[in-house]
Amino acid sequence: MNLPAFITSPSSIKWSRRLVIATLIFWATGFFIMPYAAKPLLEKLITDKYHRPVSIDSISINPIVLSARIKQFNMLDRDGKSPLLKFKELYVNVQARSIFAGAPVVEALQLTQPELHITRLTANTYNITDIIDDILKPSDSKTLFSLNNIQVTQGLINFDDQPVHTQQVVSDLNLNIPFISNLPYQSESYVTPLLMAKINGAAIKLTGRSQPFATSHQSMIDLKLTDVDIAKYMGYVPAKLNFSVSSAHLDTNLVINFAENTQHQPTLNLSGTASLSQIQMAQANNSLLAIKQLSVKLDNADLFGMHFKLSQLNIDSPDINLTRNTHGQLNFSQLLPSSPAEKSAPAAKSNPVLLEIADVNLTHGSVNFNDEVPSPVFHTRLNDIDIHLKQFSTAANHPMNILASLTTDYHATLSNTTKLTLNPLAAEGDLQLTDIALEHYAPYYNKLILFNPAGTANLASHYQFSLTDNTPQLRLSQLNGDISQLQFQQHSNNLLKIAHLAVKQGELDLAKHSVTLGEISTEDGLIEVKRNRGGVINFTQLTPDHPTHAHASTTSPDWTVAVSQFALSNYAVNFTDASAASPVTVKTSNIKLSASDFSTVANNKTKLDLQLNINRTGKLVVNGLITPTPFSGTLNLTARGIDIVPIQPYFADQLNVTVTDGDVSAKGKLQLATHDKQPTTINYTGNANITSFASVDNQDSADFLKWDNLALQHINFASQPQRLSINTISLAGLYSRLIINPDGKLNVQNIVKTSATPTTTSVAPAAAVPAPQPAKQPAVVSINKIALNKGHVNFTDHYIKPNYSANLTDLNGGVTGLSSLASSKADILINGKVDNQGQLDISGQVNPLSGNLYLNLLAKLSDFELSPLTPYSAKYAGYGIQKGKLGFEVKYQINDRKLSAENHLYLNQLTLGDKIDSPTATKLPVTLALALLKDRNGNIDINLPISGSLDDPQFSIGGLIIKVIVNLLVKAVTSPFALIGGLLGGDSAQLSFLDFPAGSAIINEAGITKLDHLSKALADRPSLKLDIAGRVDTETDSNGLRQLAFERLLKVQKLKQLVKDGVSITSADDIKIASNEYTTYLKAAYKADKIPDKPKIMGLIDKDIPPAQMEKLMLANIKISADDLRDLTIKRAQAAKEYLLKSGAIDATRIFITTAKTESEEQKKLPDNRVDFILGSH
């Protein structure tokens, strides 16, 4: 083999030998000398630099491959005892090209089982703070390097956090970095780093590749975390949080991609999956939030571009404790620390956040909500919360779909389907609420109302919401809802109960200010309306009084409300009024109300139909059309059988009579209308009736006023201007009791109670004269006809001694053409009988309504018995009237307030009785007067004209009439009159009298037989006339009257109870006392009877005594006067006469009632409780 000359030359061989020797020396130094020299040198160097003792077990160097190995390195902390850093072995392999690169090029760097102990001493101070500061000290020049095959195996980091007394351990740390270099020729090479470890037992794994020193700085990292408990690291959050996390386990499988473009704008993108499980958050030891699992799937998250795109977000079983304190602050609003506002330069404009989530699912959620703002504190729990959202996006005009549902602890449910747009904010969907318990939400409304509502509500609606220019717009459609078992209570009293209330097909438009409801229906309701003693109705006290504040006027349009159909059925309203003299109770039932096409739009007409029952017998039906705006209506009214008795307490304290029966009925058309600032106009056309009316006098419980039917037909009433026209007023079956009391006053004068407080008048100082008011237009009144049918007036005079009684019966007739027009004149035609015998006829014309009374009246009376007028003739003439009949014809005319009258009187067979001493009797020669007045047939015929002015305060029509009667009585004195007797055949002695039961004027069966015989005898003898004289047995008849009066006292008590119970009764005489009621009403009558010297306990209260003793005391207290006995004689005579006339076979002019004469010896043998029949010629 031939070698080149330069190799074999002596000089080349010489340098070759030198190189070999140098290499051998280098190797020997590296293998044997440098390890032993480097170990103490390195220990001292590190110890001196970081002031911590360092020990190395051994160092080995391979100069051939340029590698070094350090074993068992150990560095203690400053105290010389605590471990700081140690590792089992460090292997470094340096490439020879480092010499040419001018920078270290490490082929391999391997660290085995390193252990690092870090201690945090204070918030910002660590045991290695000085080492970190030295390493991070900036360098004046750039250091180039190239590191390859970096490996850390089985590493351990122990972190002792002394401020929070916790320890964190990173174990099984394995780190692989194939290549890191900032040398230019290596810059574009990719490395794929790998990091695997366990943090407090939770696995973490990072893989990826990076060009950290290239111009683009592109890096991709795969981040995998397994079961990392985030709670252990919350203490290292630099901001102070107002909550704590006790548990939160993180799992990730993420890819982080970082790069920088040529304009040096960085991009940071994140993709993959992440989840947090077993999340537990608390605030001040109170649970705040718990989530079973929260997971996300990131398609891409551009962290710098603020564009986040997620394919899925799942929240499983969140449990939230939400509270609001008394200041209205939510606990979640206080979680983050509040920082004081600082003045700073305007922030640079940042990219808007764009968040897109394809699918969001929240399942099995729950919320505990406590609200301390209302009182009492409101609490509820929401369960089974499920929210599903599709295509969520914060981009403008991007719709997303939401499906949500939940239930509450009171079994209420909510479901919602929504299409939502965030920018601009808009939503459209369907909402449904079920089983909402109204009383559960009382804390929110109990300060606004003064009653307690209860009930269960359901609601469903389609809605559309938008926010444009900060103006909300809301529209509800297909609104359906109902409330069941609705109740309002106030102070434990029921105000309202409604079994069911429903609304269907409703709409609400906030922009149009309109509410439209397709149908409202409700059934089975009860409303309790009460007025207290102060006159306050309970429904006016449903809200507390609030101070009124002046509000600036707004131009917002009024709301319009429309209801297509309204139906109310089976309702009842009870009205109780405690403000009257005694409580009033009016009960309405079976109420049915329907309405259609209701609207508050101007001039809209609503059809209305109302039916209801009032108390026991009343019925009311109303139907027609109403216009809510402006209010007007045309209604057809039908009322039947509305009882007057229940409303009697409204006028009972003002009257001295008690209404015991009466029903009101009406049928007609009612028209109402309102105009701008004008009174409501009322028009009514139709009929009205008051039937079965009955009343009694409170003083003696005797009948006062009754009628069968008061009918007003074809009424036409208008309020503006006032106008009233009635075609016919008919009064049938009238009964009136007219009494002159012992003080000379008529009982009708005392019907209205007068106040006991005397009125005083004082002269007030002159006041300024007010401005004249416009004259009020007088009402126009017209009544076409007033009809009276079968009227009856019972007259009793207690002022006269003895008393006088008379009856006006069969009153028929009326008035036609009554009007308030001055030119009109009404025609009067009335006829009747006096005591069923004397004929009374009244006719003429009158105008009492025009303001200027006009009267042209003719009154005729015939066949009037004068003997009952004995009390008057005795008082004023000094004689009784044994017999006689009266007839008169009077004419009264009033025109321009001037009275002129003609009185034509006719007395037939006037015969006076015995002279009676009377201090008020006239001293004129009565007998002479009668002799002058009587004609040859014993009749008197006179005319007495009367005249005067109505404006004369001394003028009295009644005084003139009394003067006429007195003058007649003065002239009528008695003269001997021979009776003509005759035999009737048979036992005529038995026909000369008729006996009666003690105290009674009722004819018994034996008496009827006797009268039948007498009637036949008179019918057969037309030339005979009959006088009837009543008698009494003072003792037996007094006892009989006393017993009847006693029984009536018991009937009066039963009458009061029946009236109190709302039972109608026409007269106390019609009442029967059952045997089982006797003791009850006996005690009541005994208690009411003012008996002197009643047995009492300690002189204070009535002693309970046996019924027999009560009867005895009450009977002893009843006084029977001579007037009572005289009245009995008249009633007996009238009873006999009426029976004889009943058949019509005997002319009434043939029978006279007379006073009893002195008895003959034969009559003394007869019973005294009888009537005597005396025959005479006709």
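What follows draws every value from the coordinates through simple rules; no lab data is involved. All values reported here derive from a predicted model rather than from experimental measurement. Cβ coordinates were reconstructed from backbone atoms using ideal geometry, including for glycine residues, and neighbour counts include every protein chain displayed.
Some values worked out for this structure:
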item	result
Eligible lysines near residue 1054 by straight Cα distance, threshold 21 Å, same-chain separation 8 or greater	706, 1072, 1083, 1087, 1090, 1112
Per-residue Cβ neighbour rank within 10 angstrom, fewest leading, 45, 414, 731	45, 414, 731
Subset of 390/504; 790/1060; 619/669; 497/592; 883/1137; 530/619 violating a 19 Å alpha-carbon distance limit	390/504; 790/1060; 530/619
Rough spin-label spacing in nm, given labels placed 7 Å along Cα→Cβ, for residue 373 and residue 244	3.0
Exposure proxy order (Cβ contacts within 10 Å, fewest to most) of 1081, 1139	1139, 1081
Separation of alpha-carbon centers, the range 558-592 and the range 1133-1151, rounded to whole Å	58
For the range 377-456 versus the range 247-307, the gap between their alpha-carbon centres in whole angstrom	29
Likely footprinting exposure, 398, 675, fewest C-beta neighbours within 10 Å first	675, 398
The range 1036-1123, relative contact order [Cα under 8 Å, separation at least 6], %	35
Mean projected area in nm² (Cα convex hull; one quarter of hull surface) for the range 1036-1123	7.1
Theoretical FRET efficiency, 1/(1+(r/R0)^6), r = Cβ-Cβ of residue 122 and residue 79, R0 25 Å, to 0.05	0.90
Fully extended contour minus Cα-Cα distance, from residue 410 to residue 428, at 0.36 nm per residue	3.7 nm
